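Down below is the structure, laid out as structure tokens.
The values are calculated or read from the model by the stated rules, or taken from the named source; none is laboratory data. Model, not experiment: these values are computed from the prediction. Cβ atoms come from the backbone with ideal geometry, glycine included; neighbour counts cover every protein chain shown. Just so you know, the surface numbers come from the protein's heavy atoms only, side chains and all, with ligands and any DNA or RNA stripped out. Shrake-Rupley method; radii C 1.70, N 1.55, O 1.52, S 1.80 Å.
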Amino acid sequence: MAVITNVVYLIASVLFILGLKKLGSPKTARQGNIYSMVGMLLAIVITLLDREIIDFTYIIAGLLIGSVIGAIAAKKVEMTQMPQMVALFNGFGGIASTFVAYAEFVNTKHMVGGTDVVVSLVLSLLIGSVTFTGSMIAFMKLQGWMTGRPIVFKGQVAFNGLLLVATVVLGWMFGMDTINGQTFLLAIIAIAAVLGVTSVIPIGGADMPVVISLLNSYSGLAAAATGFVLSNNVLIISGALVGASGIILTQIMCVAMNRSLANVLFAAVGTDSGGGASGGGEQRNVTRYTADDAAMIFENSESVIIVPGYGLAVAQAQHVMNELMQLLEKRGIKVRFAIHPVAGRMPGHMNVLLAEANVSYDKLVEMEAINDDFQSTDVALVVGANDVINPAARYKKDSPLYGMPILNVDQAERVMIIKRSLAAGFAGEDNELFYDDNTMMLFGDAKKMLTDIVKILKEE
Amino acid sequence: MSETILFSIYIFVLAIFVGFEVITKVPPLLHTPLMSGSNAISGITIVGAILSAGLGHSTLGQVLGMLAVISATINVVGGFMVTDRMLEMFKKDKKKEAK
């Protein structure tokens, strides 16, 4: 039986790898997800057939409750809310690992002995618990249940370091006497829970793509650590895959902001998301344009590049965005979307949003591929984005944005920016583009403004 | 260090490399489904959870196991379903070919 189980676990692992491989292209991605599902189903079924299981009550109860909650969440969630959904799921992954590792300790207390088991157990509890509370904070920030602003206190980094040291010490104490050591383990879980909170609260709203990616990685590593505790290879392999995936995404997000991971985690960059007055003080004049002006410009253009940002998600304007695109295309205008890697609140956020609104995915172009095209484009339409188009990133050395790769919207013949106010972006850096002669500022809610433009274009 | 753990480390390290190879090829277009999908995969802890909940060594172990089964199942079911929902939406325009 053990042999069969392990063979099935191997098949499941292979299916996970193939499933992820098929995510390499949108054409095969859905099939890939089904591969992974089949792998998971096989692993679950063969585990349920284990002859050592004597009581199915708790298992069935758990499976039912979990399935209902998971299914409802997956059906109900809006595409704009995907970041918080993923944050929540990361958290569940983390806490599941903590529970399993602790249950294993409870069940096999008298067999826990070797340093390797002790270390795996402590790591599993530590990472799982940090992932759980860290993800809950990320979730609350994204959901707007708590401020998106960084929350800092004096000596935060040192405090977090101290917590980490404390868990190591407690782990060592646990290793001294594993049979009576549950107090130490519970203390580790509690301290890790605090660490999860204190390490995520100083990270501001717009840095969330990095945090979610990192927590994603942690949830994988927690699973892998639990795999070490149980000596279970399918857990180790899957955990390693997810861990690697999260790290890669974290890396991509950091590069896209030209910041180190340490800077994102500890520097507490950011004002409130899009709020607050800009630092300049002097009031510069901005000409306000209307939907009519915008429509007129569109009538006379041949190519348009749309730059979506988090504001598009907040305003839920993706559908009317698609409508505008259709109208423009009907007039023979070439329309594409330029997607900055950190646009939105998680990797790929804008793509999912626009895909939901039926925008064909070949129109969603990555930054590197489209950046040289702005100079030959008539109109760059910016919807709810700010920092990713701020030219200060190119030259202003003291700016938090300095060095960040940006979309070259300023090279377009004309720039249209739909924005609620002149407020500085998340980084707190005033955007000179707003005051440029080539720029048309359209103040208002993205959805309402786009709807107005669409209405005018339809009438003509 | 026991041989078991050494063997586990082998597998872990190799799997990390496989992960890097495979995942660097996922285009940014699909990064959100990648996250939710890999999230579902990390729900594989469900395997350990089922055993804890079912082995019946102690009630505490079983209750912890059940809590683990619940959280891992949310991950697995929710993760795969929402990923499928998203991937279904990624479509290419066919109108141009028709014209």
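Values computed for the structure shown
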item	result
Pairs where the first residue, in the stretch A:221-236, is of a type in the set (Asp, Glu) and the second is in a helix (DSSP H, G or I) and crowded, with 24+ Cβ neighbours inside 10 Å, C-beta under 8 Å, 6+ apart	none
Within the stretch A:361-396, tally of residues that are within 22 Å of A:MET449 (Cα to Cα), assigned to a helix (DSSP H, G or I) and open to solvent by 20 Å² or more (accessible area, probe 1.4 Å)	1
B:THR59 vs. criteria free of Cβ contacts under 8 Å to residues at least 60 places away in the same chain and facing chain A (nearest Cβ under 7 Å)	no
Which numbered condition A:ILE297 fails, given (1) within 11 Å of chain B (Cβ to nearest Cβ); (2) open to solvent by 20 Å² or more (accessible area, probe 1.4 Å); (3) over 26 Å from A:LEU249 (Cβ atoms)	(1)
Residue ID - nearest to B:PRO27 (Cα to Cα), chosen from residues in the stretch A:247-261 that are among the polar types (S, T, N, Q) and away from every other protein chain (no Cβ under 14 Å)	A:ASN258
Pairs with Cβ under 6 Å, 6+ apart, first in the stretch A:48-59 and closer than 18 Å to B:THR45 by Cα, second open to solvent by 50 Å² or more (accessible area, probe 1.4 Å) and acidic (Asp, Glu)	none
Checklist (1) assigned to a helix (DSSP H, G or I); (2) outside the structural domain of A:MET140 (by TED's automatic domain parsing); (3) surrounded by 15 or more Cβ atoms within 10 Å (Cβ to Cβ) applied to A:VAL68, failing item	(3)
Exclusive hit being over 24 Å from B:LEU6 (Cβ atoms) and in contact with a His (Cβ under 7 Å, 6 or more places away or on another chain), set A:ILE179, A:ILE151, A:ILE137	A:ILE179
Residue ID - farthest from A:ILE339 (Cα to Cα), chosen from residues in the stretch A:403-460 that are basic (Lys, Arg) and in contact with a strand residue (DSSP E or B) (Cβ under 8 Å, 6 or more places away or on another chain)	A:ARG420
Options A:GLY94, A:GLY39, A:GLY19, A:GLY62; residue that is assigned by TED's automatic domain parsing to the domain that holds A:ALA192, at pLDDT 95 or above and in a helix (DSSP H, G or I)	A:GLY94
Candidate set from the stretch A:423-439 (those that are over 14 Å from A:ILE389 (Cα atoms) and open to solvent by 40 Å² or more (accessible area, probe 1.4 Å)); member that is modelled with the lowest pLDDT	A:ASP437
Any hit, the stretch A:319-332, residues being out of contact with any Ser or Thr (no Cβ under 7 Å at 6 or more places or on another chain), closer than 20 Å to A:ASP387 by Cα and surrounded by 19 or more Cβ atoms within 10 Å (Cβ to Cβ)	no
The stretch A:78-97: number of residues that are of a type in the set (Val, Ile, Thr) and surrounded by fewer than 24 Cβ atoms within 10 Å (Cβ to Cβ)	1
In the stretch A:64-96, the residues that are facing chain B (nearest Cβ under 7 Å), closer than 26 Å to A:ALA343 by Cα and of a type in the set (A, V, I, L, M)	A:ALA73, A:ALA74, A:VAL77, A:MET82, A:MET85, A:VAL86
Matching residues in the stretch B:75-95 - criterion: being more than 7 Å from every other protein chain (Cβ to nearest Cβ) and not basic (Lys, Arg)	none
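Every residue, every condition in (1) part of a helix (DSSP H, G or I); (2) modelled with pLDDT of 95 or more; (3) surrounded by fewer than 24 Cβ atoms within 10 Å (Cβ to Cβ), yes or no:
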site	(1), (2), (3)
A:LEU195	yes, yes, yes
A:SER199	yes, no, yes
A:PRO202	no, no, yes
A:MET208	yes, no, no
A:VAL211	yes, no, no
A:ALA222	yes, yes, no
A:VAL234	yes, yes, no
A:ALA240	yes, yes, no
A:MET253	yes, no, no
